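S.K.: A single structure is presented below for examination.
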Amino acid sequence: MVVKVLVVDDSGFFRRRVSEILSADPTIQVIGTATNGKEAIDQALALKPDVITMDYEMPMMDGITAVRHIMQKCPTPVLMFSSLTHEGARVTLDALDAGAVDFLPKNFEDISRNPDKVKQLLCEKVHTISRSNRRFSSYSAPQPHTPTPAPRPSVSGFAPAGTPATPAPTRTTPIASRSAPAPAATANSPAPKRKAYKLVAIGTSTGGPVALQRVLTQLPANFPAPIVLVQHMPAAFTKAFAERLDKLCRISVKEAEDGDILRPGLALLAPGGKQMMIDGRGAVRILPGDERLNYKPCVDITFGSAAKSYGDKVLAVVLTGMGADGREGARLLKQGGSNVWAQDEASCVIYGMPMAIVKANLADAVYSLDDIGKHLVEACH
C-alpha cells in the first residue's frame, strides 16, 4: 500500500530534498507540501495524508501549534524534524507531547555526505509511523492552549536551576480499533502480587517519551525500588528528557553517569549513544556505544546486566516501540525468576517491542499504559 505524505517546512531546499528522498521510494507518494503551520493544517484537512513530516520553526504558526490543531481536527501521524541541540531536544519533547509520533534530527551534513543512510532512515520512519495508532480517529489529543498545572516539583535537585521545561499537557491514550485483535495482547491481567523487588527496569522506543512520563508521574516520591530507564534516543536528547521528567515527577530522574548508585525514589535514564549496565554492587556502568549494536542505548544490554546482578528481584516493563529490543534481555530475566510486564496493544503508539515480549511468551502481565504506574506502586510497596 502506498503511503501518502505531506511535507511541511519553510525551507525550500529542505522541502525539495525531503520530497525527492521520499518520492524515490515507490511505496511512498508526496501528495503535497506546506511552508508553515497554518498551511499544514489546511493541507492536512484537504489532502488527508497518511503521514506528515513537520519542521518546528516556521513563520505564521510553528510546528508544535500545528501538531496540536491537526491532532484535534484530523489525527495524523507526524514525524518532527529537530536540531541536535539541548534546545532542539526540549522543543522536540514538546512536539511529542502535542501528539507527534516520532522525530528525526535535521542534519544537513548527513544529507550531503550520507544520502543513502538518510534516505533509508527517513523512509523507514515514514513507513513505521504510518502504521501507528495515531491514524485512528478515536485518538484524543490535548486541547490547544490549555495550560496544565505542573505536578509537585521533584526534591532531587538534579536538574540544573533555571533549565526551561514546559509542563506537558495530559494526554489521552490513542486507541486503535483493530480488525484482528490478538487476545494475548489485551490488558486483562490481574493486579500484580507484591514482591521485594531490588530494581524496576523500563525499556521503550517510539512513543516512549510520553509513555514514560505517564508512568513515572504516577509514582510517589518514596517509591521503594530504584529504577533504570532505557529510551532509544540520540545523545543530545537524553539529558533534556531526564531534566523534563525530573520537573514533572515526584521521584527524582537524572541522566545516568558512570558510577551512579541505584537508590529508591531515583530513576536513572541511559544516556543516548551509549550503553548502561548494572553491576552487583548497585552501581551503574556507562559504556561506549558499540557500532555492532542497532540501539544505543539498548534495552537488551541493560536487562541482561540486571538479570546477572539481581537474579529474581527485577521487575521489567516493556513499553511502546518498534522492533524487538528487550526481548532477549527479558528472556534472561525470566530465566533468573524475575517478572516482565508488557504494555497492551491498544495503548501503544507502535506495538512492536511489547508484541515481541508477548509473542515469545515472556509476559507475566499485560497492562494498559494508564494502569502501569499504579500497578508498579502495588507490586513494589
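S.K.: Which residues, taken from region 319-329, are farther than 12 Å from Leu369 by Cβ and either in contact with a Ser or Thr (Cβ under 9 Å, 6 or more places away or on another chain) or in a loop (DSSP other than H, G, I, E, B) (or both)? Walk me through how you get there before you give the answer.
M.R.: So the first thing to find is which residues in region 319-329 are farther than 12 Å from Leu369 by Cβ, and the list is 321-329.
Gly321, Met322, Gly323, Ala324, Asp325, Gly326, Gly329 - these are the residues of region 319-329 that are farther than 12 Å from Leu369 by Cβ and either in contact with a Ser or Thr (Cβ under 9 Å, 6 or more places away or on another chain) or in a loop (DSSP other than H, G, I, E, B) (or both).
S.K.: Return the only residue of Gly326, Gly304, Gly336 being in contact (Cβ under 8 Å) with a residue 60 or more places away in the chain, in the same structural domain as Pro192 (by TED's automatic domain parsing) and either surrounded by 24 or more Cβ atoms within 10 Å (Cβ to Cβ) or at negative phi (or both). If you could, list the steps in order and put the result at the bottom.
M.R.: On the way: Gly304 fails: in contact (Cβ under 8 Å) with a residue 60 or more places away in the chain; Gly336 fails: in contact (Cβ under 8 Å) with a residue 60 or more places away in the chain.
None of the others qualify; the one that does is Gly326.
S.K.: Which residues, counting only those in region 8-28, are under 27 Å from the mean Cα position of the chain (by Cα), farther than 17 Å from Thr128 by Cβ and not charged (D, E, K, R)? Please lay out each step first, then the result.
M.R.: Looking only at region 8-28, we keep the residues that are under 27 Å from the mean Cα position of the chain (by Cα), and these are 8-10, 14-15, 17-19, 21-22, 25, 27-28.
Checking the rest, the ones that are also farther than 17 Å from Thr128 by Cβ come to 8-10, 14-15, 17, 19.
Within region 8-28, Val8, Phe14, Ser19 qualify.
S.K.: For region 83-90, does any single residue satisfy the condition of being in contact (Cβ under 8 Å) with a residue 24 or more places away in the chain, more than 25 Å from Phe237 (Cα to Cα) and not hydroxyl-bearing (Ser, Thr, Tyr)?
M.R.: So far as region 83-90 goes, no, none of its residues is in contact (Cβ under 8 Å) with a residue 24 or more places away in the chain, more than 25 Å from Phe237 (Cα to Cα) and not hydroxyl-bearing (Ser, Thr, Tyr).
S.K.: When region 221-277 is examined, which residues are found to be in a loop (DSSP other than H, G, I, E, B), surrounded by 20 or more Cβ atoms within 10 Å (Cβ to Cβ) and in contact with a His (Cβ under 9 Å, 6 or more places away or on another chain)?
M.R.: Selection gives Phe223, Gly272.
S.K.: Among residues belonging to region 280-303 that are modelled with pLDDT under 95 and acidic (Asp, Glu), point out the one that is nearest to His381 (Cα to Cα).
M.R.: The residue in question is Asp290.
S.K.: Anything in region 349-377 that is assigned to a helix (DSSP H, G or I) and farther than 11 Å from Gln218 by Cβ? List them, or say none.
M.R.: Let us first name the residues in region 349-377 that are assigned to a helix (DSSP H, G or I), namely 353-359, 369-377.
Of everything in region 349-377, those that are assigned to a helix (DSSP H, G or I) and farther than 11 Å from Gln218 by Cβ turn out to be Met353, Pro354, Met355, Ala356, Ile357, Val358, Lys359.
S.K.: Something else: Could you say which residue among Ala306, Ala346 is over 22 Å from Ile286 (Cβ atoms) and either part of a helix (DSSP H, G or I) or at pLDDT 95 or above (or both)?
M.R.: The unique qualifying residue is Ala346.
The values are calculated or read from the model by the stated rules, or taken from the named source; none is laboratory data. Keep in mind that what you see is a predicted model, and the values were worked out from it rather than measured. Don't worry about glycine lacking a Cβ; one is built from the backbone with ideal geometry, like all the others, and counts go over all protein chains shown.
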